[in-house]
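The values are calculated or read from the model by the stated rules, or taken from the named source; none is laboratory data. Note that the coordinates shown come from a computational prediction; the quantities given were computed from them, not determined experimentally. Every residue, glycine as well, gets a Cβ built from its backbone with ideal geometry; the counts of neighbours run over all protein chains shown. Keep in mind that these areas ignore ligands, DNA and RNA; they rest on the heavy atoms of the full protein, side chains included. Shrake-Rupley method; radii C 1.70, N 1.55, O 1.52, S 1.80 Å.
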Amino acid sequence: MAKTVPTGVIEKLNKVSAESVAKHTGKNWDQWVKILDTQGATHMTRKEIVAFLAKKYKCKPWWQQIVTSAYEVHIGRKIEGRNDKGEYMTAASRTFYTSADKLWDLLESSQGQAVWLKPLSPFKFKPKNVFETEDGVFGEIRTMKEGVRLRMTWQDTDWHKATILQVYLGDRGEDKSFLVFNHEKIKDARTKTALKERWLQILAELAELTPPRKAQKKK
């Protein structure tokens, strides 16, 4: 039987529940706050906190960011949903009943790109490759780790400045994975809401291209 991690006094930070962070990192918010306080994280930069979580606790990249952001909200360094420059961020995630490798292949395939990216021409996942979409968005892949994450610019022709889109994938057991669209450096709340709705809709459409949950129960 899996070990149950108590949720603690802090039930939610930065819209992430104590139950969720405990499930994925082995520690609840009370425990993370105590660890980071003891480490002197109030005087550390965001980059230093992320590096500490990666090295000391082997947190996955997505959860390094989640724990760090939540801690910064807890100590008052940042406002929930916004960074210290007043920019907004939003995230949308979903569980898929296929492996992370197959999900990555879907995202890069012409069929998958037609759903989540809608490029004007075929697009290969590779740093410095640029793209333009049917609805007037253009950007460039900045960094990537194949099968795990993409970091890319995302700019509408009406915007004065590019936003950052980060795509994360990971396994959740046999034939089960997750996909996250994390959108950062958004200029206002209205755009944030529109992008949130966009990525939630795209996740739903991508799910239609993968096996349903009930199919995984068959032996």
Inter-part distance where segment 90-115 and segment 14-52 are each reduced to a Cα centre, Å: 28 Å
Carbon and sulfur together cover what percent of the accessible area of the chain at a 1.4 Å probe radius? 50 percent
To the nearest 20 debye, the chain has a Cα-centred charge dipole, built from +1 on Lys and Arg Cβ and -1 on Asp and Glu Cβ, of 700 debye
What does the charge count near ASP188 come to, summing +1 for each Lys or Arg and -1 for each Asp or Glu among other residues with Cβ under 14 Å from its Cβ? +4
How would you classify the chain from its alpha-carbon gyration tensor, with a ≥ b ≥ c the square roots of the eigenvalues: rounded for a/c under 1.5, else prolate if a/b is greater than b/c, otherwise oblate? oblate
How far apart, in nanometres, would the label points at LYS187 and LYS145 be if each is projected 7 angstrom from Cα along the Cα-to-Cβ direction? 3.3 nm
Taking every alpha carbon pair in segment 96-219, what does the distance histogram look like in 5 angstrom bins from 0, in percent? 2, 10, 20, 25, 20, 12, 6, 3, 1, 0, 0
Would you please classify the overall shape of segment 21-145 from the alpha carbon gyration tensor, given that a ≥ b ≥ c denote the square roots of the eigenvalues, rounded means a/c under 1.5, and beyond that prolate means a/b larger than b/c while oblate covers the rest? prolate
In whole Hz, what ³J(HN,Hα) sequence does segment 156-165 give by Karplus (6.51, -1.76, 1.60; θ = phi - 60°), x for Gly and Pro? 6, 5, 8, 8, 7, 9, 6, 9, 10, 10
Using a ≥ b ≥ c from the Cα gyration tensor of segment 98-146 (square roots of the eigenvalues), is it rounded, prolate or oblate, where a/c under 1.5 gives rounded and otherwise the larger of a/b and b/c decides, a/b for prolate? oblate
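Which pairs in the list LYS34/LYS192; LYS27/LYS192; LYS58/LYS176; LYS27/LYS124; LYS56/LYS85; LYS56/LYS161 are over 27 Å apart, alpha-carbon to alpha-carbon?
Over 27 Å Cα-Cα: LYS34/LYS192; LYS27/LYS192; LYS27/LYS124; LYS56/LYS85; LYS56/LYS161.
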Ranked by GNM mean-square fluctuation in the chain (Cα springs under 10 Å), the top entry among LYS196, LYS47, LYS78 is LYS47
List the aspartates and glutamates whose Cα lies under 20 Å from the Cα of LYS12, skipping any in the same chain that are fewer than 8 positions away. ASP30, ASP37, GLU72, GLU80
Accessible area per residue for the chain in Å², computed with a 1.4 Å probe and the full protein assembly in place, what is it? 59 Å²
Which value, in Å² rounded to 10, gives the accessible area of ILE79 with a 1.4 Å probe and all protein chains present? 110 Å²
